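**Q** Handing you a structure now.
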Amino acid sequence: MSEDRVTLYADAFTPNSQGQGEAFSSSTKRGAIEFVDDFDWYNVASATGYLRFTYSGPLDLVALLLYNRLNDAYPRTLDPVVNCAPIAPATLLVVRDRGLARAGFDESLSGRYTLEISDTTCP
Ligand SMILES: [Ca+2]
């Protein structure tokens, strides 16, 4: 009787470190929703102008503008077509999978998103 041989490979995986509550007031951030229940958040209290949100892949991501708390009952949700909104008077920005039900780390490019704050008005 011969032994079976199995070879296992493990790709190193380092979670994206953006979205742990850091201040975000201009330019661009690239983050990722990697895990089920993962959400990223940014302090946008000192930001002005317009927020744009883009992503690709199977995850259904959503960007929420909140006034004061992570459990804000009335967040402004970025329109999925325009994906742009004036950022004031929000103080917190949250990005998550719409249903908090999927993870993106095992699907190529899924869960990766880009946020941009600029003075360019929304269409
Ligand atoms: Ca994340």
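The values are calculated or read from the model by the stated rules, or taken from the named source; none is laboratory data. Quantities reported herein were computed from a predicted structural model and do not represent experimental measurements. No Cβ is skipped: glycine too gets one built from the backbone with ideal geometry, and neighbour counts run over all protein chains shown.
**Q** So Pro75 passes all but one of these: (1) loosely packed, with under 15 Cβ neighbours inside 10 Å; (2) without any contact (Cβ under 8 Å) to a residue 40 or more places away in the chain. Which condition number does it fail?
**A** Looking at each condition in turn, Pro75 falls short on (1).
**Q** Of everything in segment 31-57 that's in contact with a strand residue (DSSP E or B) (Cβ under 8 Å, 6 or more places away or on another chain) and charged (D, E, K, R), which residue is modelled with the lowest pLDDT?
**A** Of everything passing the filter in segment 31-57, Asp38 is modelled with the lowest pLDDT.
**Q** Separate question: Return a yes/no flag: does segment 95-118 have any residue that is of a type in the set (Phe, Trp, Tyr) and in contact with a strand residue (DSSP E or B) (Cβ under 6 Å, 6 or more places away or on another chain).
**A** Within segment 95-118 (the criterion being of a type in the set (Phe, Trp, Tyr) and in contact with a strand residue (DSSP E or B) (Cβ under 6 Å, 6 or more places away or on another chain)), the answer is yes, since at least one residue qualifies.
**Q** Report every pair of residues separated by at least 6 positions or lying on different chains whose Cβ atoms are under 8 Å apart, first residue within segment 2-15 and closer than 19 Å to Glu34 by Cβ and touching a residue at least 24 places away in the same chain (Cβ under 8 Å), second in a loop (DSSP other than H, G, I, E, B) and among the aromatic types (Phe, Trp, Tyr).
**A** Sorted first by the residue in segment 2-15, then by its partner, the pairs are Phe13/Phe105; Pro15/Phe35; Pro15/Phe105.
**Q** Return the only residue of Val81, Val95 being touching a Phe, Trp or Tyr at 6+ places or on another chain (Cβ under 8 Å) and either within 16 Å of the ligand (Cβ to nearest atom) or among the β-branched types (Val, Ile, Thr) (or both). Let's see the steps before the verdict.
**A** Working: Val81 fails: touching a Phe, Trp or Tyr at 6+ places or on another chain (Cβ under 8 Å).
That would be Val95, the only listed residue that is touching a Phe, Trp or Tyr at 6+ places or on another chain (Cβ under 8 Å) and either within 16 Å of the ligand (Cβ to nearest atom) or among the β-branched types (Val, Ile, Thr) (or both).
**Q** Considering each residue of segment 25-49, count those that are more than 8 Å from the ligand (Cβ to nearest atom), in a loop (DSSP other than H, G, I, E, B) and either in contact (Cβ under 8 Å) with a residue 40 or more places away in the chain or buried (at least 16 other Cβ atoms within 10 Å of the Cβ) (or both), and give that number.
**A** Total meeting the criteria: 9.
**Q** Okay, next question. Tally time: how many residues in segment 58-69 are under 19 Å from Gly111 (Cβ atoms) and buried (at least 16 other Cβ atoms within 10 Å of the Cβ)?
**A** Initially, segment 58-69 is screened for residues under 19 Å from Gly111 (Cβ atoms), giving 58-64.
Add one more test, that the residue is buried (at least 16 other Cβ atoms within 10 Å of the Cβ), and what stays is 59, 61-64.
The number of residues fulfilling the criteria is 5.
**Q** Now, a different point. State which residue is farthest from the ligand (Cβ to nearest atom) when the search covers only segment 11-24 and only residues that are surrounded by 16 or more Cβ atoms within 10 Å (Cβ to Cβ) and closer than 26 Å to Thr121 by Cα. It would help to see each step written out before you state the result.
**A** Initial filter on segment 11-24 (surrounded by 16 or more Cβ atoms within 10 Å (Cβ to Cβ)): 16, 18-19, 24.
Imposing the further condition that a residue be closer than 26 Å to Thr121 by Cα reduces the set to 18-19, 24.
Details: Gln18: 7, Gly19: 5, Phe24: 14 Å.
Ranking the candidates gives Phe24 first.
**Q** Now a separate question. Does Asp97 qualify as being under 25 Å from Thr14 (Cβ atoms) and free of Cβ contacts under 8 Å to residues at least 24 places away in the same chain? Lay out the reasoning, then the answer.
**A** Values: under 25 Å from Thr14 (Cβ atoms): yes; free of Cβ contacts under 8 Å to residues at least 24 places away in the same chain: no.
No: the conditions fail for Asp97.
**Q** With the requirement that a residue be assigned to a loop (DSSP other than H, G, I, E, B) and more than 16 Å from the ligand (Cβ to nearest atom), what does segment 57-77 give you? Break it down stepwise before answering.
**A** The initial filter retains those residues of segment 57-77 that are assigned to a loop (DSSP other than H, G, I, E, B), namely 57-60, 67-75.
Selection gives Pro58, Tyr67, Asn68, Arg69, Asn71, Asp72, Ala73, Tyr74, Pro75.
**Q** Sticking with this structure for a sec: Among Ala45, Ala10, Ala32, which is under 18 Å from Ala90 (Cβ atoms) and of a type in the set (A, V, I, L, M)? Can you show your working first?
**A** Working: Ala10 fails: under 18 Å from Ala90 (Cβ atoms); Ala32 fails: under 18 Å from Ala90 (Cβ atoms).
Checking each option against the conditions leaves just Ala45.
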